[in-house]
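I have placed the structure first, in the form of structure tokens, so that the comments after it can refer back to it.
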Amino acid sequence: MSAGYGAADVVHRISLDVAEGEIAVVLGANGAGKTTTLRAISGVLARSGVVQFDGRPMPTRPEDTVRVGLSMVPQGRGTLTELTVLENLLVGAAVRPRHEADADVEKWCGFFPVLGERREQKAGSLSGGEQQMLAIARALMARPRLVLLDEPSLGLAPIVVQRVFAALADINATDGTSMLIVEQNADLALRLARSAHVLEAGRLVASGAAADFLDDDRVRSAYLGGR
Ligand code: ATP
């Protein structure tokens, strides 16, 4: 797949797989093309080449990718700050019958108790970490089989990042939801993920088991700033 803005491609002929039920991470420096990759997969941005989901061509419009089972948690969370927590959650379930949505509101308010406690409050009154949890819960309200997450740790305190990542691990283990996560926090993301990919200037330069990236000093120094 390739994608970009206007005539120029920003990501060039990248090829990656997310296996059913796995968490995969895409690492890379600022401007490497990580966000562009996610936006092209979800149909927000035009792409060329092949993207398949369950062996079928992935639709090219965002509303259709949601229908086949893809949800996105955008960078900056994308919460609708003037709407309540409950209204945000229901927006995520717009493609589903209302009685199913009501049941899932209870499910996610149970999983993230702070959302349950604040369901009638405006989303804009939540802390950054709480808004990230709301963005994740909203994406899950569509009952996706694959969730794309764009830098879920961005702007959050380390302890809050730990909580968000623990929640993602829990959701993946319990519901088997596949995830493709873009992250700059490489160490944390590699501990969460099973497979990892590194983007450099719009090209995929390494793919493999996340554990191998953590263990391999050469890979760490080449792609992860030696951390
Ligand atoms: P970051 O971590 O900063 O979000 P990234 O790896 O996600 O970085 P992208 O946001 O995908 O990188 O950006 C890749 C390239 O595309 C950059 O050179 C960026 O300037 C360019 N780009 C991003 N958005 C646009 C846009 N709307 N119009 C034109 N160029 C863009």
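Under a 5 Å amide H to amide H cut-off, with H placed in plane at 1.01 Å, what residues pair with Leu149 once short-range neighbours are removed?
It is Val73, Leu180, Ile181, Val182, by chain and number.
Could you tell me the accessible area of Asp54 in Å² (1.4 Å probe, neighbours in place), rounded to the nearest ten?
Ignoring ligands and nucleic acids, Asp54 comes out at about 90 Å².
Taking H placed 1.01 Å from N in the peptide plane, check which residues at least 5 places from Val10 or on another chain put their amide H under 5 Å from its amide H.
Residues meeting the amide H criterion: Ala3, Gly4, Tyr5.
Along the stretch 19-27, what does the Karplus equation 6.51 cos²θ - 1.76 cosθ + 1.60 (θ = phi - 60°) give for ³J(HN,Hα), rounded to whole Hz, x for Gly and Pro?
Result, ordered by residue: 6, 4, x, 9, 9, 10, 10, 10, 9 Hz.
What's the whole-number percent of alpha carbon pairs in the stretch 96-227 lying beyond 24 angstrom?
Value for the stretch 96-227: 36 percent of Cα pairs lie more than 24 Å apart.
Kindly sort Leu190, Leu80 by accessible area of their heavy atoms, largest first, with the probe set to 1.4 Å.
The most accessible residue leads, giving Leu80, Leu190.
Quick one: work out the % antiparallel among DSSP beta bridges in the chain, nearest 5.
45
For Ala206, which sequence-distant residues (separation of 5 or more, or a different chain) have an amide H within less than 5 Å of its own amide H, given hydrogens modelled in the peptide plane?
It is Val198, by chain and number.
Given a 1.4 angstrom probe, what's the average accessible area per residue across the stretch 149-202, in square angstrom?
39
Roughly how many percent of the accessible protein surface of the stretch 81-227 is carbon and sulfur, given a 1.4 Å probe and a whole-percent answer?
Reported share for carbon and sulfur atoms: 51 percent.
Ordered by residue, what ³J(HN,Hα) values in Hz, to whole numbers, does the stretch 85-90 give under the Karplus form 6.51 cos²θ - 1.76 cosθ + 1.60, where θ = phi - 60° and Gly and Pro are x?
4, 4, 5, 4, 4, 5
Normalised by the residues of the chain, what does the relative contact order come to in percent, with Cα pairs under 8 Å and at least six apart? Walk me through the numbers before you get to the answer.
Details: 401 pairs, mean separation 66.5, N = 227.
Taking the mean separation of contacting Cα pairs over the length of the chain, I get 29 percent.
The values are calculated or read from the model by the stated rules, or taken from the named source; none is laboratory data. Here the structure is a predicted model, which means the values were calculated and not measured. These area figures cover heavy atoms from the full protein model, side chains too; ligands, DNA and RNA do not enter into them. Shrake-Rupley method; radii C 1.70, N 1.55, O 1.52, S 1.80 Å.
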